[in-house]
Amino acid sequence: MDRAYSLLEVKAVDSAARRIRGIASTPELDRAGDIFDPAGATFKNPVPLLFHHNAEQPIGTAYLTVTPDGITFEATFPQIDEPGPLKARIDDAWQCLKAGVISGASIGYRILQGGVEQLKSGARRLTKTEICELSLVTIPANANATIRLVKSLAAARRTETRMKPTISEHIQNLENKRAALAATMTEIMEGAAGEGKTLEAEQATEHDGLALQVKSIDADLGRWREHEKLQIQSAVAVPAPPVTRTSPVYPSISVKANVPLGTAFVRAACAQLVCKGNVRDAVDYAEKRWSDSTPEVALYLKAAVAPGTITDATWASPLVNQNISNEFIELLRPATILGKIPGLRNVPFNTKVPTQTAGGTYGWVGESKPKPVTKLAFSSTSLGISKAAGIIVLTKELVMLSNPSAEALVRADMIAGIAQFLDSQFIDPAVAAVAGVNPASITNGAPTAAATTNPIADIMSLINHFATNNIAVGGVTFIMSAANALSLTFRTNLDGSPEFPGVTVNGGSYKGLTFITSQAAGGNVIALQPALVLYADDGGVSIDASQEASLQMDSAPASPADATTVFVSLWQTNTIGLRAERFINWAKANANAVKYLTATAWPAPTGASADVATGRAAKG
């Protein structure tokens, strides 16, 4: 059964009788791209009044009436005196309604045969439907994030406050109303033509009344369009703020569902999995499960029906709601080393970037003496398009998303899997460049040295590397394991104060230096100057899925596979593989931009008390 949503427009509230009257549906384009024609709706009064479309939780009955403006209703909440679940449920729904917590009405309907008319705009006009129930629901916002109506339903007073619509919205509402009236007129005339009869008196009266309304709307539309032209001609552009540090910033207001970031992206991927890649079924699945909390999932899946690739900037990409993948990227970036390093030099793909390799020669010049002629040395680097990928295997039961905690687990697994892959590729010295496939890690071919047991001496040796090669020390970032970072936190001065304040097991900063922790570092401690590391990022993640593939369950799969390779069948184990791909690349702009230590295992001191005691003995 399909559903149509609208903002709950309450006309009257009778607190004593627990009765409300209002509009349940209007002939306007909804978020799913459908226009619900009230004239083509059939129903049998009274219809059940439900709470959030739960057929097992009725809260009353409703009588529906079809009008040119939409479908109006009068609903009654029964008075239950006997304590029990029914009384509690009805009282709860009534309190939500009076407090304004319930902001939406939704009709549950099914489309009858021949009841869909495909419009040139791509929308569907539903001309023949059967309404099965009316529900009170909580809708965060309509498709264009505009709050059209704010209501106060206090028991002692009955007020209704409307926010003034824009001129364009008013014109659109009039056009929708006119379309509904014209459709009814056409139905009356075609009905008489099919039977070969003249209009009966009642039909003629109804048709003439509708014609008068259409004529009145046409005149009104002309006036509003002229008024809109005058407004456009007299409009004054909002001045852009001057580019200064103290300049005001005009805020951007958006309305979003109250769900964790990345939820919409995970739901889109899992809807395709549940429906085995059938996009139309996935759209229906998303609309039925999540239309009241994340309606953008269905829109995202509908856009994917068009041919093309998500990475094609001139074709399919504009059809895709990028907000879904952007949310996931915002979660992924802080989870990876790349997302934690400040100051990386972000460049576009396939674009030559100049880098300076040598400076000029300068010297003192006496009076009337010739000045030396010098030159600079440059080279250029281009980052081609490459993609990093990872596969996360989940059980089919988990992907079915039985509850919000399962969604959170799927989201966390996807982020962790991609982050682990990227971190390893970014700093593993064994990762060499493969033309057309992947970049070399930043440590591949970089200068290296063996670590000592003295972290101060080791850190200074890395710093001296940059100073010796005439590379700025400011902003240098260190990447190390959590264990090595923890050993730094245990080190104290003679007075018991921390030797590295600001550094924790999760990283931190100290004296202008940045410390990042990652288990991918292992025994290596990597120092890099971010300004000399080029970084290209498409900013999107594509997700593919399979239930029939056989995988090597290994973070470093053998390539090519040999006789010893063990494959696991996803079909046999009732699991699903999610393959995440992200277009990303990096390169060092200077061969000395990175240096790392090997076999680092800094020992933790015996404790602050031992250091303090040693200091006292030395003073004595």
Selection count, segment 500-522, where residues are farther than 16 Å from Gly339 by Cβ, in contact (Cβ under 8 Å) with a residue 24 or more places away in the chain and surrounded by 15 or more Cβ atoms within 10 Å (Cβ to Cβ) = 2
task = Please enumerate the residues belonging to segment 587-607 that are surrounded by 18 or more Cβ atoms within 10 Å (Cβ to Cβ) and either at pLDDT below 75 or basic (Lys, Arg) (or both).
result = Lys588, Lys595
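Matching residues to (1) outside the structural domain of Gln425 (by TED's automatic domain parsing); (2) within 35 Å of the chain's Cα centre (by Cα); (3) charged (D, E, K, R):
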site	(1), (2), (3)
Thr477	no, yes, no
Asn493	no, no, no
Val525	no, yes, no
Ala556	no, yes, no
Asp562	no, no, yes
Gly577	no, yes, no
Residue identified as surrounded by 16 or more Cβ atoms within 10 Å (Cβ to Cβ), touching a strand residue (DSSP E or B) at 6+ places or on another chain (Cβ under 9 Å), within 19 Å of Gln57 (Cα to Cα) and not hydrophobic (A, V, I, L, M, F, W, C) among Gly108, Gly70, Gly115 = Gly108
query = Among the residues of segment 269-283, which ones are surrounded by 17 or more Cβ atoms within 10 Å (Cβ to Cβ) and in contact (Cβ under 8 Å) with a residue 12 or more places away in the chain?
reply = Ala269, Cys270, Ala271, Gln272, Leu273, Val274, Ala282, Val283
ask   = So Thr492 fits all but one of (1) surrounded by fewer than 17 Cβ atoms within 10 Å (Cβ to Cβ); (2) in contact (Cβ under 8 Å) with a residue 40 or more places away in the chain; what number is the exception?
value = (1)
request  = Could you please give the count of residues in segment 501-522 that are out of contact with any strand residue (DSSP E or B) (no Cβ under 7 Å at 6 or more places or on another chain) and in a strand (DSSP E or B)?
outcome  = 1
ask   = Could you list, in sequence order, the residues of segment 445-473 that are in contact with a strand residue (DSSP E or B) (Cβ under 8 Å, 6 or more places away or on another chain) and closer than 17 Å to Ala601 by Cα?
value = Thr448, Ala449, Ala450, Ala451, Asp458, Ile459, Ser461, Leu462
key: Yes/no for Ala55 being of a type in the set (A, V, I, L, M, F, W, C), at pLDDT 65 or above and part of a loop (DSSP other than H, G, I, E, B)   = yes
remark   = Of Ile442, Ile418, the only residue that is assigned by TED's automatic domain parsing to the domain that holds Gln547, in contact with a strand residue (DSSP E or B) (Cβ under 6 Å, 6 or more places away or on another chain) and either assigned to a loop (DSSP other than H, G, I, E, B) or modelled with pLDDT under 70 (or both) is Ile442
inquiry  = Regarding segment 67-90, can at least one residue be identified that is under 36 Å from the mean Cα position of the chain (by Cα), modelled with pLDDT of 85 or more and not assigned by TED's automatic domain parsing to the domain that holds His207?
reply    = yes
query = From the set of residues in segment 567-586 that are among the aromatic types (Phe, Trp, Tyr) and part of a strand (DSSP E or B), which is surrounded by the most Cβ atoms within 10 Å (Cβ to Cβ)?
reply = Trp586
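The values are calculated or read from the model by the stated rules, or taken from the named source; none is laboratory data. A quick note: this is a predicted structure, and the numbers were derived from the prediction, not measured. Backbone-built Cβ (ideal geometry, glycine too); neighbour counts: all protein chains shown.
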